[in-house]
1. With the cut-off at 1.5 for a/c, could you classify the range 225-357 from its C-alpha gyration tensor as rounded, prolate or oblate?
2. Which residues does the label zone of ASP251 cover in the range 315-330, counting backbone N under 13 Å from a point 7 Å along Cα→Cβ?
3. What residue among THR233, GLY200, TRP63 has its Cα farthest toward the positive end of the dipole of the chain, where the charges are +1 on Lys, Arg and -1 on Asp, Glu, each on the Cβ?
4. Give the shape of the chain as rounded, prolate or oblate, defined through the alpha-carbon gyration tensor: a ≥ b ≥ c are the square roots of its eigenvalues, a/c under 1.5 means rounded, and otherwise the shape is prolate if a/b is larger than b/c and oblate if not.
5. Which of ALA129, ALA117, ALA376 ends up with the largest GNM mean-square fluctuation for the chain, with Cα atoms connected below 10 Å?
6. Show me the helices of the chain, taken as full DSSP H stretches, that run 24 Å or more along their long axis by Cα and average -1.0 or above in Kyte-Doolittle hydropathy.
7. Amide H of GLY79 versus every other amide H placed in the peptide plane: which residues, excluding those fewer than 5 positions away on the same chain, fall under 5 Å?
8. Can you tell me which of 69-77, 291-299 comes out highest on packing, and rank the rest after it, using the mean Cβ neighbours within 10 Å?
Amino acid sequence: MSHPPLVQQTMHTAMPGDVPPVPTGESTAPTAQSLGQGAAGIALAWVQYASRNPAYWATAHRWIQATTARPISTGTAAGLYAGAPAVTFLLHMADRAFPGRYRRHLNELLPHVTKSAHRRVDDGLTRIAQQRPTCFGEYDLITGLTGLGRLLLSCRPFDTALERILSFLVALTQPIRLDGRWMPGWWVDHDPDPTLPTPGGHANNGIAHGITGPLALLSLAYQIGVRVDGHDTAIDRITAHLRKTACHDADGTWWPHWTSDKNTIPHSHPPRPSWCYGSPGIARALQLAGIARSDIALKRWSESVLIASLSHERYTHQLRDVGICHGWAGAYLTAVHAAKDSASPRLQQLTADLAQQFAKAQTTREHSLLTGAAGAALARLHHDTTTPTLGWEACLLLI
């Protein structure tokens, strides 16, 4: 991919969070096109900063070059956080920051994304017809169709590929018969993690790999009028499942990361209140569902759950790093976006309290978007509430 010439400006070399101004190992690593862990995510951070201060643009451009230094992957493993879809998301944000600069490259990549989406929907529907369990790579945010759907909702909301993805996710919510028993349609037959075996499979609740991701996407699409047959029923079905699997104690409501073959849960206490797997991410998706379905009771309940999950030290003491995925940045960002859609003064106050705790969080030498300094720097931009972001939080399904 060729690139337009650099803007002739003085390069700023300092970004909050110590994100490197010059591409290093990330520019040649196989993970360069990773939005979560590679150059693509770091480039995204610089693009956002450049949108507020053009003096950062030369640095942002260098990181975009680092992301595209190798041939862009369009294989079956390419998802929102890797390969062509990740680069497309990055260039879409760059095009929002500086309209037209990367439009040609963006338009060259989008057909690869839509082609992949159609192929993967075909495979998914075949799998459902055969009544086989799914896998994260088929449907989730990070590598699956939910991530591709969020990308297309941002840049091609009325494309037939998005319509088919939404229809697939509706089908995914229908129960599937496995070994003579009815199980949730998003039941996977693999472990959530190699170190955490779930013999017989599990149903994942998290926003990154579980059914909360499809719920958020379906709700966001529904809100703007991008709807398919069965759309409302699917939202209600997921909401009912999350209500059923919720755990309650004296301090609030929380969810296990997943339920297993025997419907057991991996926790006897509230797990870490993170964006990726924890109650904040789930509560935000339920809030979006309440907004989409004009269900005020659901919206208020989800907000109360989110407030409780991030108000008690019993929960928050488990947040030990600064990152988005399972640290303070993710918790803070989730609360920020929930507060924007709420009139609750408690939620507004929670956001202010989290900002102070986030500011004290230990820094990291890692540079990535999901677990490192790039993500933390982007989250800190929300301390300035007068200037909106480019909408990069779409890759987290928070908007």
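Any read-out appearing in this document is the output of simple, stated calculations on the displayed coordinates, not a laboratory observation. None of these values were measured; they are calculated from a predicted model. We place every Cβ from the backbone using ideal geometry, glycine too, and count neighbours over all the protein chains shown.
1. oblate
2. 315-319
3. TRP63
4. oblate
5. ALA129
6. Answer set is 103-129.
7. ALA86
8. 291-299, 69-77
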